[in-house]
Structures are given as C-alpha cells and as structure tokens.
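The values are calculated or read from the model by the stated rules, or taken from the named source; none is laboratory data. Keep in mind that this is a model prediction, so the values were computed, not measured. A quick note on method: Cβ atoms are made from the backbone with ideal geometry, for glycine too, and the neighbour counts reach across all protein chains shown. When the accessible area is computed, the model is the full protein with side chains, heavy atoms only, and any ligands, DNA or RNA have been set aside. Shrake-Rupley method; radii C 1.70, N 1.55, O 1.52, S 1.80 Å.
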Amino acid sequence: MQHDAHAHHEHRQGHAGHEGQAAPQDHTAHPGHHDHGDHQGHEGHAGHQHTPGGPVSWSMAARATLHCLTGCAIGEILGMIIGTAFGWGNVPTMILAIVLAFFFGYALTLRGILAAGVDFRTAFKVALAADTLSIAVMELIDNGVIALWPGAMDAHLDEPLFWIVLALSLAVAFVVTTPVNKWMIGRGKGHAVVHQYHH
C-alpha cells in the first residue's frame with residue numbers, strides 16, 4: 001500500500017509538472033502572436049504613410065519651393081539695394097544678398113510654425129531642417145546664373161538687364177529646386193516636417 005501511494009504521489013507530481021510546463025509555453029506563444037500582429041499592423045501603417053511617389057505630388061513640392069523662392073527673392077533684392085546704396089563691390093553685395101536670402105527664407109517658415117503655437121527653439125530647428133538644403137540649392141543656381149550672365153553682375157537696379165536676369169535666375173532655380181523638395185518630402189524631410197505643425 002505504501003508503494004502504491006508513493007507511485008500515485010509521483011504520478012500526480014509528474015502530471016502537475018507537465019501542466020506547469022504547458023502553461024508557460026501557451027503564455028509565451030500568445031504574446032508572440034500578439035506582438036507579431038502589432039508589428040504587422042505597425043508596418044502596414046508606416047508603409048501607408050511613406051509610399052514612394054504616392055503622397056507627394058508635384059504641386060506640393062512646387063508650393064514648398066515657391067515658399068523658399070519668396071524668401072530668397074526678398075533677401076536678394078534687399079541685399080542688392082543695400083550693397084548699391086553703400087557703394088559695395090559685386091562680391092560683398094552678393095554675399096549680403098545670400099545671407100539675407102537665408103534669413104528671409106527661414107523667417108517665413110518660422111512665422112508659420114510659431115503661429116501653430118510651437119516654441120521658438122523647436123520652430124528654429126524645424127526651419128533649419130526644412131529649408132537649408134532647399135535654399136542652398138536655390139542660391140547656388142540663382143547666383144550661378146547671375147555670375148555667368150554677361151554684364152549681369154555690373155548691372156544696376158535701374159537697368160532692365162538686372163531685373164530680367166534676376167527673374168530668369170529665380171525661374172531656373174525654381175525648376176531645379178522643385179525635384180529636390182519633392183525628393184525630401186517623400187523621405188519625410190524638408191517641408192514634410194513643417195506640414196506636421198499645420199495639422
């Protein structure tokens with residue numbers, strides 16, 4: 001009788017041990033399945049947001065470029081006026097125009113972000129991230145056209161040549177910079193960052 005009771009006790013322990021092992025296995029499998037589902041859902045959501053070529057239209061890229069172009073044009077014209085008023089040469093006048101182009105380009109973006117209630121430090125970082133490459137490309141093309149156009153560097157504000165070359169250079173810069181902005185927005189950068197603060 002003692003042997004049978006001992007055997008029965010071991011059998012119950014073995015059965016309990018088997019159940020104890022099964023429970024953690026089931027518990028482990030269930031969270032893994034749940035996490036996998038969440039992971040798939042997350043990937044599907046992310047894929048929907050960043051589908052190449054889908055959410056980024058040429059009109060969106062053109063609006064972002066036009067935004068930068070406005071700031072650049074204001075800065076360049078103001079720089080030319082100041083440089084001419086002080087009798088500066090071509091090089092310092094162009095440097096001032098480029099500096100002011102960046103300043104007004106950033107300022108226009110800052111104004112929109114600050115209006116959304118964002119603090120200045122965050123807004124400034126967003127403006128730098130959004131506009132730096134766009135303005136740099138635009139200024140490179142714009143000033144390159146002016147520098148290479150015969151007589152454009154020496155033209156004064158009261159001469160038609162100055163305004164004609166300036167308009168053409170800005171138009172070329174717009175055409176070249178728009179694909180750059182489209183590429184950046186498609187990667188979630190550039191003005192895609194700014195758009196997050198307008199919704």
List pairs: first residue in region 107-129 and within 14 Å of Ala64 (Cα to Cα), second residue basic (Lys, Arg) anywhere in the structure, Cβ distance under 8 angstrom, at least six positions apart or on different chains. Ala129/Lys189
When you look at Val172, is it in a helix (DSSP H, G or I) and out of contact with any Asp or Glu (no Cβ under 9 Å at 6 or more places or on another chain), yes or no? no
Looking at (1) assigned to a helix (DSSP H, G or I); (2) aromatic (Phe, Trp, Tyr); (3) open to solvent by 70 Å² or more (accessible area, probe 1.4 Å), which is the only condition Trp88 fails? (1)
Residue list for region 129-145, restricted to those being of a type in the set (A, V, I, L, M, F, W, C) and open to solvent by 10 Å² or more (accessible area, probe 1.4 Å): Ala129, Leu133, Ala136, Val137, Leu140, Ile141, Val145
Can you find, within region 154-199, the residue that is surrounded by the fewest Cβ atoms within 10 Å (Cβ to Cβ) among those that are hydrophobic (A, V, I, L, M, F, W, C), within 30 Å of Gly89 (Cβ to Cβ) and modelled with pLDDT under 85? Leu157
